[in-house]
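No value in this document is a laboratory result; all are computed from the given coordinates. On a predicted model such as this, the values are computed, not experimentally measured, just so you know. We place every Cβ from the backbone using ideal geometry, glycine too, and count neighbours over all the protein chains shown.
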Amino acid sequence: MNERIRELLNQMASLDDELRSALHEQEQRVAFQIKGKRVEFEQSVKEAHRRLKTGVFRWLLTGRPLNYLTAPVIYSMGVPLLMLDLCVSFYQAVCFPIYRMARVRRADYFIFDRQHLGYLNVIERFHCAYCAYANGLLAYATEIVARTEQYFCPIKHARKMLGTHGRYARFLAYGDAADYAARLEEFRHALEEKTP
């Protein structure tokens, strides 16, 4: 990787960190604190949330009928999602220790905190939990597969690809064969578990 590309990637990482900090600062204005796994709002915010909450009966009456028709399709995806979860978790548990790769921390990807929002009714909270699980699982699985790709074939594709994972930008250029074996070992070494 040439120096200009490395510099741009470092700038992107820095901007990503800066954006994450700015978003976090904006979120802090909503007046909540995180205590362990619990999110606590100021009393005035809790009261405002309670006033804005739509009851289940009213929510069902005012909902879009097509949403009710598609609900079985949406929630039937739970079965393949659970299968994916079992498969990638099993794969990581068996293979990552063999490759001496650091495991992907599940807790970094599965965040269930929307139940603390007082303006959501029980159905909305269930929807949020389902979406949090599905999106968390896909991000978790993507990171497991991304580490696997880095271990076995950290080479970019010849054609531009949409939706690449975070590790892809640092992969080797397509067709760049110079010192491939040595550079592959560097990629593998970067994945190793760090012992304290």
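Summary table below
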{"read-out": "Net dipole in debye of the chain [+1 Lys, Arg Cβ; -1 Asp, Glu Cβ; about Cα centre; nearest 20]", "value": "680"}
{"read-out": "Pairs of lysine residues in the chain - Cα separation under 25 Å, sequence separation of 8 or more or cross-chain", "value": "4"}
{"read-out": "Viscosity 0.890 mPa s, temperature 25 °C, Stokes-Einstein D of the range 1-154 from Kirkwood C-alpha radius, µm²/s", "value": "127"}
{"read-out": "Listed peptides 175-186, 79-90, 122-133 by packing density, highest first (mean Cβ within 10 Å)", "value": "122-133, 79-90, 175-186"}
{"read-out": "Size of charge dipole - the range 67-126 - debye, nearest 20, with Cβ of Lys, Arg +1 and Asp, Glu -1, no other charges", "value": "240"}
{"read-out": "Which of 68, 94, 81, positive extreme of dipole for the range 46-196 (C-beta unit charges)", "value": "68"}
{"read-out": "Karplus-derived HN-Hα couplings along the range 156-164 (A = 6.51, B = -1.76, C = 1.60, θ = phi - 60°), whole Hz, x at Gly and Pro", "value": "5, 7, 5, 8, 5, 10, 8, x, 6"}
{"read-out": "Helical contribution to [θ] at 222 nm, DSSP H n ≥ 4, -39,500 (n - 2.57), averaged over the chain, rounded to 500", "value": "-20500 deg cm²/dmol"}
{"read-out": "Furthest towards positive pole of dipole, 161, 177, 148, structure part the range 146-196, Cβ charges", "value": "161"}
{"read-out": "The range 133-149 - phi-based ³J(HN,Hα) in whole Hz, Karplus 6.51/-1.76/1.60, Gly and Pro as x", "value": "5, 4, 5, x, 4, 5, 5, 4, 5, 4, 5, 4, 5, 4, 5, 5, 4"}
{"read-out": "Span per principal axis, largest first, for the Cα atoms of the range 133-196 (Å)", "value": "42, 39, 14"}
{"read-out": "More than 16 Å apart - percent of Cα-Cα pairs taken over the range 100-170", "value": "59"}
{"read-out": "Estimated vicinal HN-Hα couplings, Hz - the range 55-63 in sequence order (Karplus 6.51, -1.76, 1.60; Gly, Pro = x)", "value": "x, 4, 4, 5, 4, 5, 5, 9, x"}
{"read-out": "Amide H contacts under 5 Å for residue 155, placed H, 5+ residues apart", "value": "172"}
{"read-out": "Solution diffusion estimate, µm²/s, Stokes-Einstein, the range 70-196, Kirkwood Rh from C-alpha pairs, 4 °C, viscosity 1.567 mPa s", "value": "76"}
